[in-house]
1. Can you tell me which of G411, G424 is farther than 28 Å from A218 by Cβ and of a type outside the set (A, V, I, L, M)?
2. Test of understanding: among G452, G425, which residue is under 15 Å from the mean Cα position of the chain (by Cα) and closer than 19 Å to V383 by Cα?
3. Report every pair of residues separated by at least 6 positions or lying on different chains whose Cβ atoms are under 8 Å apart, first residue within the range 119-131 and within 15 Å of N385 (Cα to Cα), second aromatic (F, W, Y) and at pLDDT below 85.
4. Which residues, taken from the range 456-482, are hydrophobic (A, V, I, L, M, F, W, C) and out of contact with any Lys or Arg (no Cβ under 9 Å at 6 or more places or on another chain)?
5. Scanning for something among the charged types (D, E, K, R) and within 25 Å of V455 (Cβ to Cβ), does the range 194-214 turn up at least one residue?
6. State whether the residues of the range 63-72 include one that is over 22 Å from A266 (Cβ atoms), surrounded by fewer than 23 Cβ atoms within 10 Å (Cβ to Cβ) and out of contact with any strand residue (DSSP E or B) (no Cβ under 9 Å at 6 or more places or on another chain).
7. Can you find a residue in the range 567-576 that is outside the structural domain of I444 (by TED's automatic domain parsing), surrounded by 16 or more Cβ atoms within 10 Å (Cβ to Cβ) and in a helix (DSSP H, G or I)?
8. One residue is enough: does the range 241-251 have a residue meeting the conditions among the hydrophobic types (A, V, I, L, M, F, W, C) and without any contact (Cβ under 8 Å) to a residue 60 or more places away in the chain?
Amino acid sequence: MKTIKELHQIREEKRKQLDLRVNTKADTREKHILVCQGTGCTSSKSPEILAMLRKIIKEKGIEKVRVIQTGCFGLCAKGPIVIIRPEDTFYAMVKPEDCEEIIQTHIIEGKKVERLLAKDIDGTKVNRLDDLAFYQKQKRIALKNCGIINPEDIDEYIAFDGYFALEKILTKMSQDEVIEEIKKSGIRGRGGAGFPTGKKWELTRASEGKQKYVVCNADEGDPGAFMDRSILEGDPHSIIEAMAIAGYCIGANQGYIYVRAEYPIAVKRLQIAIGQAREYGLLGKHIFNTAFNFDIDIRLGAGAFVCGEETALLESIEGKRGQPRVKPPYPAQEGLWGKPTLINNVETYANIAQIILKGSDWYSSIGTEHSKGTKVFALGGNVNNIGLVEVPMGTTLREIIYDIGGGIPNGRDFKAAQTGGPSGGCIPKEHLDTPIDYESLKEIGSMMGSGGLIVMDDTKCMVSLAKFYLEFTVSESCGKCTPCRIGTKRMYEILEKLCKGEGTELDIYRLEKLATNIQKASICGLGQSAPNPVISTLKYFREEFKEHAIDKNCRALECKAMSKIIINQEKCKGCGLCQKSCPVSAIEGEFREKREINQEKCIQCGTCLTSCPFKAIGS
């Protein structure tokens, strides 16, 4: 068990070593080679890069160079990423075979490997990570340690003030004072509903019961979402510390992290972090020599989307089938095994220690009047800079997509953005300047959700998109209530008819009626929000639904039953790019001639649409 004095010593000693990671002018002759070991980069052979760099350094007998694994840097489109500090050189899309050149050229000769330097959207090479437009408008709070520390080294977390928020509240603050600080900060739950975090803690503390629990909801099930996973992979101790703080506030001695088994890297790092925290006496009995006892265990989920709903999650932890409970009572009153239980998601917890250390005034100064702090988004779809983004609340959709995301690839036009995953809604072009906060998104028929942000260009069919999300909801419905179990299935069948060219205008009316009834009658929030993608697409893209139902036409050419792709002879420049990209050689024509599509060969894959720089291909 480490004493407070020993933790201070660890922090000071480690800070001297790690100062170069946050201060590129650090006075040090040591170099740190940081290699991203998040899931995205790992899938692109970053573990091999890590091992190869270490092997070469050892073989060459190079001293004062450390190769460190980190969590996600955020810019997944450039992965695998290697950063060399203190000079902060940013190498992108690195391959294992590049390691020898990096060591020889950069470390030994002191020159940069020009061909590996990251390029910005305009094609210019950048020398430093912070020089990229992707990072200019971001503000990292929840992600502050991701890409900086080794997530498997507790000393590195301590060096960046880790566990000192826990020490502060245990030695200097009462439970009520901590809760009041969280309330004053204005932080709201980042899991989707946006309920005030401090209020939830206060309600759980006020509930009677000798045994209480703290739960972390890490069941991140939205398609395209990877915010919570990246935090757990890059900074697991921040969640452990925050859960302990919450445990102190509500009077709990046991916590559970419910995480998907499909997140093996996150699970492994959580297990390591929990073991280290126990070894240091930061979990267990008499933490910091106080009367406070708290421990954490992990429970693995099997990937059911409905277990992201808090009461279904509790059922799963108890070993039962994951199905929502009827509320009230709420978990704060009767939660895990009938005891008062506090549930927050990963991103919410990731903010807590910073609020305690820097104060509620600091946190509440960020964001908007009713939406404080920052929000992490998993930016994906038809956008150049795919990755993890953390911005102040109130940042506009346009800023996220164009200033941070780098705009739409291949010169295509923006059509819509889906926020909140299967529970959210589509935001059309006319709302690009909408501030991203809880109230603004609700006003235009969408929601914050957990933070998935899928961008779509003008080649996307909104009827097909609604069908995609309904198909997901139908397959993930727990089946407990009839409106969700049967209603979403009927909605999906109508959308399927429309996409096959078999629908009618009456089907659009039926679709709307079903959506309204399911919203009103479903038991849980997931069922109540399941129709949202359909409702929002009908609101903003009704003409496309009418075209499918009446004209039997899909303007985006995604619905194959109604699609016929042709080349506009007036716009065609004879460049041949479409012909080169066609996988079935359906495009015919000679060099510098206008091309035509052989309809008998065409499989309507749409590859030619995205390859044509002149937008000469359509229906």
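1. G411
2. G452
3. Qualifying pairs under 8 Å: none.
4. V463, L465, A466, F468, F472, C481
5. Checking the range 194-214: not a single residue is among the charged types (D, E, K, R) and within 25 Å of V455 (Cβ to Cβ).
6. Checked against the condition, which is being over 22 Å from A266 (Cβ atoms), surrounded by fewer than 23 Cβ atoms within 10 Å (Cβ to Cβ) and out of contact with any strand residue (DSSP E or B) (no Cβ under 9 Å at 6 or more places or on another chain), the range 63-72 yields at least one hit.
7. no
8. Checked the range 241-251: no residue is among the hydrophobic types (A, V, I, L, M, F, W, C) and without any contact (Cβ under 8 Å) to a residue 60 or more places away in the chain.
The values are calculated or read from the model by the stated rules, or taken from the named source; none is laboratory data. Predicted, not measured: the structure shown is a model, and the values here were computed from it. Note that we place each Cβ from the backbone using ideal geometry, even for glycine, and neighbour counts take in every protein chain shown.
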